[in-house]
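K.L.:
Take a look at the following structure, please.
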Amino acid sequence: MYNKVLFCADLYASSDFAFAAALDIAERSEAELIILHVLESRNRYSGQFITRDGEVWASDEVIEKLKGVLKAYYFSRIEAEDPENVRIEVRAGIPWVEILRFARKEAVDLVVMAPYTIKDPRGEATPEKARVGDNVKEVTLRARCPVHVATSPKQRLTLKGD
Amino acid sequence: MPEMTRDVTGQSVDVEKIKRILDANNGARIRTWLSICSRCGLCAESCFFYLAKNRDPKVSPAYKFKTTLGEMYKRKGKVNREFLKKCYDILWGECTTCKRCSMYCPFGIDIASMISLARTVCWSQGIVPEGLERTLGNYRETGNQMGMSNEDFIETCDWMAEEAEEEIHGLTIPIDKPGAKYMYTVNPREPMYYPQDLSMAAQILTVAGEDWTIPSEGWDCTNLPMFAGDRDLAGQVVKTMYEKAIALGIPKILITECGHAFRSAAFEGPYLAGYPDGKPPVEIVHSVKLFYDYLRDGRIRIDPAKKLEAPVSYQDPCNVSRNGGLWEEGRGIISYIAKDFRDMHPNREHNHCCGGGGGYIPMGPEFKRRRMNSGRIKAEQIKATGAKIVITPCHNCFDQINDLNEEYQLGVKVLTLKEIICELMVIPEDLKPE
């Protein structure tokens, strides 16, 4: 059904539901699963990024270190001990731009991502209060392939809106 | 054995190298400027750093050039690292080379040029802001500040052509079209961070029926080496662009909405690239001029029903207005797109720098707090207009005003000309998507 499934890892645990969905679809389709994280540019100009080590430049060292973190986190969630058809990629820039650029270049045929789950970046993620942020909005509107936005099973509607 | 000096940390300075730079520039201009300044203080009030720092005399333009380049000449280049680090703080932290002070100097001393020369001395000793230094490697390796490959750039153009075709029937982004009228050059932030800008440029140029192309190399019109002090590289950057236009047989280079790119390509680049007459080998046209011509000549028509109702102000980028002469063209465009225009005071060629020019924005977080503090003058100017929208045809102004918007809670929306023109222009019937 699919040849390449692109999972957009936002590094919040709330996107684990989306990862599970991406993994399931990739396994059923015997497709390659690409786990992509975009180091988000803090500004549109500085080329600097926020990581757990603080504000850094997106050097090869930073990118390799992040790939290691992603591999440890996601491979532990895959049953196969050494999954062959899974690739980790890291880019730097504006997330939705890089996701679309990557999807186009790699000709992926499904993008899987999670909604935005925090209002205040300094606060905790609240998977039950998902929002459509810029990244989901732009990727779903602009991608040339289907986009799957996976939410928490506990996702519920609220009349309060917030 | 080259002559060296050492500071308390034992780090050395190549005095011979500094002397060579100073000697090479020790012409009548610099000698006159350094000796003619009478400390009248008229330049002080013109400087937004001075105003924002409660009129501290140590931030006046005259003080800044005397204590940096002036001292370098006085000491005949025999300076140590400690001195150069103090210069670093002044040269990059307290000046954006906006050239406003030169307008108020009764002798017309070009202080920005002297600050730039002092930057070159610091750069020669490896003393340069990290944010700028990082771009230099990118320019050397890839020819552009963001380190984007030409292949990725072309792919981004193809991608944006696909997107724009949904708005404009038959739109293409021609690459390396020989003999086109305009070679459109961009700021790499566009393909990297907001590729829609390329799409919008393509829409405007297509609706205007323009004969244009994008080059597959030499497409970056920015020139951060010019602000870092690396003059050789700055010359090479601009030369690559000129030579591409010549190779394609294109008579005009079109500059995107970027201020310093215009200053580089039209005014400083020819000198940096070693053209003896100081003129670019092809005509340099800024987007502000071309867009104004399109609106004036009816090649682009604005839907009157869509004209902006909210109060609008216009930020004159220093290198488009004061140093580029296009302040009336900018206002001319606004007259077509906005009903309620509220100019800043002062304005036009007298407008203050946003505080993000001269390499300040890419210098990054190390200088952010100072950038916000000195930007208070611009924030106050904007607030006084009561505008809800600030339009500016410059990436640095755009980013700086966005940051000021947050810092000073200005409550404005910052827009580029392309964004508004695309939103408001009438699409001719034959170009409407099927």
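The values are calculated or read from the model by the stated rules, or taken from the named source; none is laboratory data. It should be emphasised that the depicted structure is a prediction, and the values quoted were computed from it without experimental measurement. Virtual Cβ from ideal backbone geometry, glycine too; neighbours counted across all protein chains shown.
K.L.:
Any residue that is at pLDDT 90 or above and within 13 Å of chain B (Cβ to nearest Cβ) - is there at least one of those in region A:13-34?
P.N.:
Checked against the condition, which is being at pLDDT 90 or above and within 13 Å of chain B (Cβ to nearest Cβ), region A:13-34 yields no hits at all.
K.L.:
Mind checking which residues of region B:194-212 are touching a strand residue (DSSP E or B) at 6+ places or on another chain (Cβ under 6 Å) and closer than 29 Å to B:Arg140 by Cβ?
P.N.:
B:Trp212
K.L.:
Residues in region B:226-244: is at least one of a type outside the set (Lys, Arg), assigned to a loop (DSSP other than H, G, I, E, B) and farther than 20 Å from B:Ile421 by Cβ?
P.N.:
yes
K.L.:
Scan region B:353-362 and tell me whether some residue there is over 24 Å from B:Lys289 (Cβ atoms) and either more than 14 Å from chain A (Cβ to nearest Cβ) or part of a helix (DSSP H, G or I) (or both).
P.N.:
So far as region B:353-362 goes, yes, one or more of its residues are over 24 Å from B:Lys289 (Cβ atoms) and either more than 14 Å from chain A (Cβ to nearest Cβ) or part of a helix (DSSP H, G or I) (or both).
Residue-wise test of (1) closer than 25 Å to A:Ala103 by Cα; (2) surrounded by fewer than 22 Cβ atoms within 10 Å (Cβ to Cβ); (3) of a type in the set (Asp, Glu).
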{"site": "B:Asn144", "(1), (2), (3)": "yes, no, no"}
{"site": "B:Glu155", "(1), (2), (3)": "yes, yes, yes"}
{"site": "B:Glu165", "(1), (2), (3)": "yes, yes, yes"}
{"site": "B:Pro178", "(1), (2), (3)": "no, yes, no"}
{"site": "B:Arg189", "(1), (2), (3)": "yes, no, no"}
{"site": "B:Met192", "(1), (2), (3)": "yes, no, no"}
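K.L.:
Where the second residue is at pLDDT 95 or above and the first is at positive phi and lies in region B:227-239, which pairs have Cβ atoms under 8 Å and are six or more apart or on separate chains?
P.N.:
The qualifying pairs are B:Gly229/B:Ser116; B:Gly229/B:Arg119; B:Gly229/B:Thr120; B:Gly229/B:Val121; B:Gly229/B:Cys122; B:Gly229/B:Trp123; B:Gly229/B:Ser124; B:Gly229/B:Val128.
K.L.:
Another question, then. Take the residues in region A:73-93 that are over 16 Å from A:Lys105 (Cβ atoms) and part of a strand (DSSP E or B); name whichever of them is nearest to the other protein chains (Cβ to nearest Cβ).
P.N.:
So, considering only residues that are over 16 Å from A:Lys105 (Cβ atoms) and part of a strand (DSSP E or B), the one nearest to the other protein chains (Cβ to nearest Cβ) is A:Ile88.
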